[in-house]
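This report refers to the structure that appears directly beneath it.
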Amino acid sequence: MNTCIKKVVLKSGEIRWRFVMRLGRDAADKPIQKTYTFPTKKAAEAEWARLKSQKATGVLVLPSALTLATYLESWLGGKRNLRVGTRNTYANYLKPFTERLGNVPVQKLTKTQVDETVDWMLSSGRRIRHTNNPGLTATSVNRALTVLSQALDSAVKQGLTPRNVVTLVERPTCTPKQTDTWTAQEAAAFLNHVSGHRLYPVWLLTLCGLRRGEVLGMRWAGVDLKGTRAREHGFPAGTPTITVEETRVSVNGVIHAEQPKSERGRRTLPLDQEMVSALSALQKLQRQERKAAGPAYEDHGLVCVDELGRPYPPDGHSKRFKRLAKAAGLPVIRLHDARHTCGTLMHLRGVPTAVISAWLGHSSAAFTMKTYIHSQADSLAQAGLTLRSAVRVKKRLPVAAVR
């Protein structure tokens, strides 16, 4: 018989069963106690046994008034290895939860509260209204839920809350977004259009699949036009190369220089003769501009700069790409879609997926295949013709002859 569970008679005459459990000690070494009350003795005994078991195994969650907003700020601050851009992205994903549920104690957060926030995000959560839809996409909401779930998983491991309620939330269904890419003819048309542009080699690098931040962060120190360092990277002596070792991103209007996204992102790529010629011409032009500008010239050692040596802001660079695409009479795609175009054109020409992955600086070939390689209309048409040439009908019979 459990003598810790007491029978209590309320003023109304109803009977309750109550016990007091010592849960641990606070920061001041004072004992933490909590009173539990149940309508039946059986329920009280079950809860007593559960709590005792959790205490014995060290997984008992102590009562805490820690709010979701305070916890998420602490959790994000403890993610030491996050890149600046990724940290900002995580903060934006968590913002709807901190704004709407920030005052809720982590231990009292419910599935219903998260569901209500998700519904609001889908209907009204868009901050910048680029479209008529005021809500966020299902993809964005799912990414936000993933980040919140990561944070609450950590809270469970730390003993701050007994469970992660996000695991109970049904994720909104995502409709895969079609990624637009250029055909080989369209990519060539764009390069022909910009062949006289001051930043022609930059657009070449873009259609070679480099990320925006990698292009903007490319330094002349990483450009080896004579191939003097080629053998260090496994290429034959004399092979011109470029080395990706820095990326520049904009976070809340501030430009940050960072390391590549992953170890595979730090890579050295060979240059063809067109790239060598274009980069040599730009290097010569920049020397002339530096001399003409005098003290006003800002020498950052970067490839992609204006006439005074100033780096281009990332967002402005993307807009310039779209303006040039429109002026060339081409479908206007995102700057990042030029990277998808590179991967797709390589794939359609038989380059092995593992090689494409290494070229693009991806962590795995599976990610490259799933995300960066797309079918194009002319290629699908060619596939149909190939199938028909393999499976031919010698002579079609009259309909009446078929029984």
* Output the residues belonging to the range 231-242 that are modelled with pLDDT under 90 and surrounded by 12 or more Cβ atoms within 10 Å (Cβ to Cβ). => HIS233, PHE235
* So ALA354, is it of a type in the set (Gly, Ala, Ser), outside the structural domain of LEU210 (by TED's automatic domain parsing) and not in a loop (DSSP other than H, G, I, E, B) -> yes
* Structure fact -> Checked the range 260-275 for anything surrounded by 15 or more Cβ atoms within 10 Å (Cβ to Cβ) and in a helix (DSSP H, G or I); matches are MET275
* the range 304-324 - residue that is more than 25 Å from GLN259 (Cα to Cα) and touching a helix residue (DSSP H, G or I) at 6+ places or on another chain (Cβ under 6 Å) and, of those, surrounded by the fewest Cβ atoms within 10 Å (Cβ to Cβ) -> LEU308
* To do: Within the range 71-113, work out how many residues are among the polar types (S, T, N, Q) and under 18 Å from GLY125 (Cα atoms).
  => 6
* Could you give every pair whose Cβ atoms fall below 7 Å, whose first residue belongs to the range 267-291 and is closer than 18 Å to ARG198 by Cα and free of Cβ contacts under 8 Å to residues at least 40 places away in the same chain, and whose second residue is among the small types (Gly, Ala, Ser) and part of a loop (DSSP other than H, G, I, E, B), counting only separations of at least 6 or pairs across chains? -> ARG290/GLY309
* For the subset of the range 165-189 comprising residues that are hydrophobic (A, V, I, L, M, F, W, C) and in contact with a helix residue (DSSP H, G or I) (Cβ under 6 Å, 6 or more places away or on another chain), which member is farthest from PHE97 (Cα to Cα)? -> ALA184
* Asked: Of the residues in the range 209-258, how many are under 21 Å from the mean Cα position of the chain (by Cα) and under 18 Å from SER280 (Cβ atoms)?
  -> 1
* Could you check, for the range 84-91, whether at least one of its residues is in contact (Cβ under 8 Å) with a residue 60 or more places away in the chain, among the small types (Gly, Ala, Ser) and either over 16 Å from GLY159 (Cα atoms) or surrounded by 14 or more Cβ atoms within 10 Å (Cβ to Cβ) (or both)? => yes
* Asked: Based on what the data block shows, is PRO295 over 27 Å from the mean Cα position of the chain (by Cα) and at pLDDT below 90?
  -> no
* Asked: Of the numbered conditions (1) assigned to a helix (DSSP H, G or I); (2) surrounded by 15 or more Cβ atoms within 10 Å (Cβ to Cβ), ASP115 satisfies every one except a single condition; which is it?
  -> (2)
* **Filter result for the condition that a residue is touching a Leu at 6+ places or on another chain (Cβ under 8 Å) and more than 20 Å from LYS177 (Cβ to Cβ), over LEU148, LEU122** => LEU148
* To do: Mind listing whichever residues of the range 259-285 are among the β-branched types (Val, Ile, Thr) and under 28 Å from the mean Cα position of the chain (by Cα)?
  => THR268
* **Top-ranked residue of the range 357-374 - restricted to ones that are at pLDDT 85 or above and in a helix (DSSP H, G or I), ranked as surrounded by the most Cβ atoms within 10 Å (Cβ to Cβ)** => LEU360
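The values are calculated or read from the model by the stated rules, or taken from the named source; none is laboratory data. Remember, it's a predicted structure, so these values are computed and weren't measured experimentally. All Cβ positions, even for glycine, are placed from backbone atoms using ideal geometry, and neighbour counts span all protein chains on display.
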